[in-house]
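Q: Structure in structure tokens, see below.
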Amino acid sequence: MNLKEILNWRYTTKEFDPTKKISDADMQLIDNLRIAVYNGDANPKQLNIFNDLLNKYTKNGIVVLACTELSVINTSNSKLVYDMARIQIQAAIKSI
């Protein structure tokens, strides 16, 4: 499924609720992790927190990763996690 299909998928459009946003505390954790990965300082505790956040947010819907630093550490195989870097890489490989 490509990004356009994901965004137009009936479940996505039906279930999207703009009032449900990532909490400020979770956003700060994600930003701290992104910076740590960029600087090469990410530790196992931060990686566990990231995986816990992915699990938390995929319980209520789809998670789209659109940050290269987070893509680098993404180990999720959930069909509810769409990693834009991974999708682009797979598309590039298919076009070769």
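Q: Being surrounded by 12 or more Cβ atoms within 10 Å (Cβ to Cβ) and at negative phi narrows it down to one of ASN60, ASN74, ASN48, so name that one. Spell out how you get there, then give the answer.
A: Details: ASN60 fails: surrounded by 12 or more Cβ atoms within 10 Å (Cβ to Cβ); ASN48 fails: surrounded by 12 or more Cβ atoms within 10 Å (Cβ to Cβ).
Being surrounded by 12 or more Cβ atoms within 10 Å (Cβ to Cβ) and at negative phi holds for just one of ASN60, ASN74, ASN48, which is ASN74.
Q: Test each condition in (1) at pLDDT 85 or above; (2) under 13 Å from the mean Cα position of the chain (by Cα); (3) surrounded by 16 or more Cβ atoms within 10 Å (Cβ to Cβ) for ASN55 and report the one that comes out false.
A: If we test ASN55 against (1) at pLDDT 85 or above; (2) under 13 Å from the mean Cα position of the chain (by Cα); (3) surrounded by 16 or more Cβ atoms within 10 Å (Cβ to Cβ), just (3) comes out false.
Q: Would you check if ASP26 is modelled with pLDDT of 90 or more and part of a helix (DSSP H, G or I)?
A: Answer is yes for this residue.
Q: Using the structure shown, decide if ILE73 is in contact with a helix residue (DSSP H, G or I) (Cβ under 7 Å, 6 or more places away or on another chain) and over 24 Å from ASN39 (Cβ atoms). Spell out how you get there, then give the answer.
A: Numbers: in contact with a helix residue (DSSP H, G or I) (Cβ under 7 Å, 6 or more places away or on another chain): yes; over 24 Å from ASN39 (Cβ atoms): no.
No, not satisfied.
The values are calculated or read from the model by the stated rules, or taken from the named source; none is laboratory data. Model, not experiment: these values are computed from the prediction. Here Cβ is always computed from backbone atoms with ideal geometry, including for glycine, and neighbour counts include all displayed protein chains.
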